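Below is one structure; the comments refer to it alone.
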Amino acid sequence: MVKRPLELDDFTRICHLSDPQISPNGKYIAFTLIRPNMDENKYIYEIWIIDSETGETISLLSGEGDKSPRWNPNSQSILFTSRRGFKEDEKGNALYIYMLKGEPRKLIARKEGISQPKWINETEIAFISNVVIRDIDVDEDYVDIRDIPIWSDGEGFIDEYRPQIFILDSKSGLYKQLTKCMGSIITWAPSNKGDKLAYIYVPDYKKPLVTEVHIINLETGEDTTIIPPTKYSFNHITWGPDDKYILLKGNDLRRGLATHDHIWIIPSTGGDLENLTRNLDKNISTAISTDVLGPYRSPAKPIWASDGFIYFPLNDRGRIKLYRIHPDHAKIEPVIDEDATIYSFTIDKNARKIAYLKLSYTELPEIWILNLKNHEKRKLTSFNKWFTNETILSKPIGFTFRASDGAVIDGWYIPPVKSCEAKKPVILFIHGGPKASYGAAPNFLHQLFAAKGYYVIYCNPRGSDGYSEEFADIRKHYGERDYKDIIEFVNNFLKRVPDADPNRMGVIGRSYGGFMVNWIITHTDMFKAAVSENGICDWISDYGTSDIGYWFDEDQIGGTPWKNTDSYLKQSPITYIENVKTPTLFIHSLQDYRCYIEQSIIMHIALKRLGKESRLIIFKKGSHAHTTTAKPKHRKKLYKIILDYFNEKLKQ
């Protein structure tokens, strides 16, 4: 098959695989597959069940919003969430059970939503759902807000609700509320014996990074706090094979949000907390910037397997690898050490097989299996084979350079697929975060610009994940070393690639990347055009409007804006607005509660008031992550607007 350059509509041809779940007996793998459907302007959700040896399809579910399959301990049925029977704008979802044949059976539907459903034993299930904590306006004409945050990105107003754990009997369908917390339950896990349940809880919304850990005895109902809310921030919990220990992923906040997550264990009866990975200065995370994973993602979390090892993901310079550690000797060793991204994985009950989702620079997501006995790895699915066989995906060329202060910076560039120009235009992409990373994962938009004759360049500046905590820590210094790293990267690239045109360069970024675009245009005129998407320009206003502003900004910018005004102004691009010479397109989604829309409006109004070139596109729907989660037509319009803008400004 003769390959062709990528076209705009090709993003709808990518199959988004997610959340591989191997059955306890190791025979089957269930996973979620999502396909964009442009004609119906929605995503088609499917749950596939395949043989773990051959990849042969065992069963397929294709109901509205089917996702999150979870195996019964007996490997004979799965639990999953769905929006079957719900209208498009209707809130909530439902919980179903499927016996691997016939039709699935609905267990419960809740307009408040159901998340994190898991089996406690072969008949009982628990899940998290919101509960109304006071009288609300049933007509939804107003909300009564008494605490913070007032809203959450992707959810809307949340102050009238609190997430609680429910327990349900799969035979009768009867259920009851298990917890009555006034804070926020983040996640939970059942013991292997099914007699206890552990959960992570944020008791004080004003300090949402500080967590406490509880264990509920399901036989007596006793709720015990084993880790009080002191200095620890945990985000994942599970049990050891014999239920004697609890495993936690999180950190001690010693560097605030720049602190790496580690593997911790504590006796399930309470006692001393031990950091098993304390000597590891890399983050246990999957913070990789990619737009090919689709609207539903299930990033890897540590698993304490029956062989005694704890398996976990590790971000190593933009490569997400799979490692393991044994609590008895704390020796860390690689399990899958490739120039790739292992985005999620699960392990069977006897620790013989690992099912995992893998992607790489030009490799779209597929399901793989690893035999832990003979270390054989095999790809089980080929949903994206047709796409990759038909289109040209260019492998990025990676290089490192030393920044002016001596630090080593990773960068990449993708050459144009076809271009008759002696000098080619350049697009610089900047990732969000800031604690995220580029690396061994493809981006459709990167490949599209390369197909249209651009050099596409990107790097991991200071603040990025995948490196040391010191590298990641730019608190109180936004726009300083991170900005220098990016500009020095661009200059280094231009020296390496003589046919890149320094007079036709554009820059684009979203979220923190949008902040950095705003910073760049207020500090240099080296770019001929810029696109700032869902970014930040004014940290003072962001403190009050963002769903995370009141704690994120205090950590990252430093203190509160009324006590540390000078620092907030110093790190805000709007302070330097009169310096702007670069034509800029601002793009923002109206339902973005992470970086609220006033950020782009402020920049646009200020630039127009100063008589400078500015354009503002407002998408009336879409959250902060609308680039990857919005409906297909929305995404196509977004990509086309960006492509047309840079073509207008940079093409000869």
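Can you list residues from other chains, or at least 5 along the same chain, whose modelled amide H is less than 5 Å from the amide H of Leu393?
Amide H to amide H, under 5 Å and 5 or more residues apart or across chains, Leu393 pairs with nothing.
Give me the accessible area of Ile641, 1.4 Å probe, in Å² rounded to the nearest 10.
In the full protein context, Ile641 sits at about 40 Å².
By how many nm would the segment from Thr560 to Lys27 grow when fully extended, if each residue of separation counts as 0.36 nm and the alpha-carbon distance is taken off?
Once the chain is fully extended between Thr560 and Lys27, it gains 186.5 nm.
Can you give the translational diffusion coefficient of the stretch 385-506 in µm²/s, computed by Stokes-Einstein from the Kirkwood radius over Cα pairs at 4 °C and 1.567 mPa s?
My calculation gives 85 µm²/s for D.
Helix-only mean residue ellipticity at 222 nm, the chain, DSSP H runs n ≥ 4 weighted -39,500 (n - 2.57), per residue, nearest 500. What is it?
Value at 222 nm, helices only: -4000 deg cm²/dmol.
In degrees between 0 and 90, to the nearest 10, how far off the longest principal axis of the chain does helix 632-650 point, with axes built from Cα atoms?
Once rounded, one gets 20 degrees.
How would you rank 340-352, 231-243, highest first, on the average number of other Cβ atoms within 10 Å across their residues?
Top to bottom by mean Cβ count within 10 Å: 340-352, 231-243.
By the gyration tensor of its Cα atoms, with a ≥ b ≥ c the square roots of the eigenvalues, what is the shape of the stretch 579-652: rounded for a/c under 1.5, prolate for a/b over b/c, or oblate?
oblate
Alpha carbon centre of the stretch 165-201 versus the stretch 579-652: separation in Å?
When both Cα centres are located, 42 Å separates them.
Just to be sure I understand, if you calculate mean projected area of the Cα convex hull in nm² for this structure, which of [x] 43.1; [y] 28.8; [z] 31.2 do you get?
Checking each listed value against the structure points to [y].
Rounded to two decimals, what ratio of Rg to Rh does the stretch 121-199 give with C-alpha atoms and a Kirkwood Rh?
My calculation of the ratio gives 1.05.
So between Glu390 and Asp135, what do we pick up on full extension, going 0.36 nm a residue minus the alpha carbon distance?
86.2 nm
Report the label-to-label distance for Thr220 and Lys3 in nanometres (one decimal), using points 7 Å from each Cα along the Cα→Cβ vector.
Output for this residue pair reads 6.3 nm.
Report Rg (one decimal) and Dmax (nearest whole number) for the stretch 80-213, counting Cα atoms only, units Å.
In order Rg, Dmax, the Cα atoms of the stretch 80-213 give 16.1, 48 Å.
Under 10 Å from the Cβ of Ile266, count the other residues' Cβ atoms, weight Lys and Arg +1, Asp and Glu -1, and hand me the total.
Surrounding charge for Ile266 is -2.
Using alpha-carbon positions, what is the distance between the centroids of the stretch 226-287 and the stretch 297-328, in Å?
13
Compute the Rg to Rh ratio over the stretch 249-339 from the alpha carbon atoms, using the Kirkwood formula for Rh, and round to two decimal places.
0.98
Order the following by accessible area, largest value first: Lys649, Lys193. Probe radius 1.4 Å; ligands, DNA and RNA are ignored.
Correct descending sequence by accessible area is Lys193, Lys649.
Counting Lys and Arg as +1 and Asp and Glu as -1, what is the net charge of the other residues whose Cβ lies under 14 Å from the Cβ of Asp328?
-1
Helix 512-521 sits at what angle to the longest principal axis of the chain, using alpha carbons and giving 0 to 90 degrees rounded to 10?
10
Taking all protein chains together and a probe of 1.4 Å, list Glu613, Glu140 from the most accessible to the least accessible.
Ranking Glu613, Glu140 by accessible area, largest first, yields Glu140, Glu613.
Under the rule of at least 5 residues apart or a separate chain, name every residue whose amide H is placed under 5 Å from the amide H of Thr277.
When sequence neighbours closer than 5 places are left aside, the close amide H contacts are Ile263.
Within the set of other residues whose C-beta is less than 13 Å from the C-beta of Gln164, count the net charge using Lys and Arg as +1 and Asp and Glu as -1.
Around Gln164, the surrounding residues sum to +2.
Given points 7 Å out from each Cα along the Cα-Cβ axis, report the Thr230 to Lys87 separation in nanometres with one decimal.
In this crude label model, Thr230 to Lys87 measures out at 5.2 nm.
Check which residues have an amide H placed less than 5 Å from Arg255's amide H, if you skip close sequence neighbours.
none
Probe radius 1.4 Å, ligands and nucleic acids left out: which of Arg504, Arg496 has the largest accessible area, and how do the rest follow?
Arg496, Arg504
Please express the shape of the stretch 232-292 as an equivalent ellipsoid: the semi-axes are the square roots of 5 times the eigenvalues of the C-alpha gyration tensor, given largest first in whole angstrom.
In descending order the semi-axes read 23, 15, 10 Å.
The values are calculated or read from the model by the stated rules, or taken from the named source; none is laboratory data. Everything numeric here is computed off the predicted structure, so don't read it as measured data. Glycine gets a Cβ as well: all are built from the backbone with ideal geometry, and neighbour counts include every protein chain shown. The area values use the complete protein model at the heavy-atom level, side chains included, leaving out ligands, DNA and RNA. Shrake-Rupley method; radii C 1.70, N 1.55, O 1.52, S 1.80 Å.
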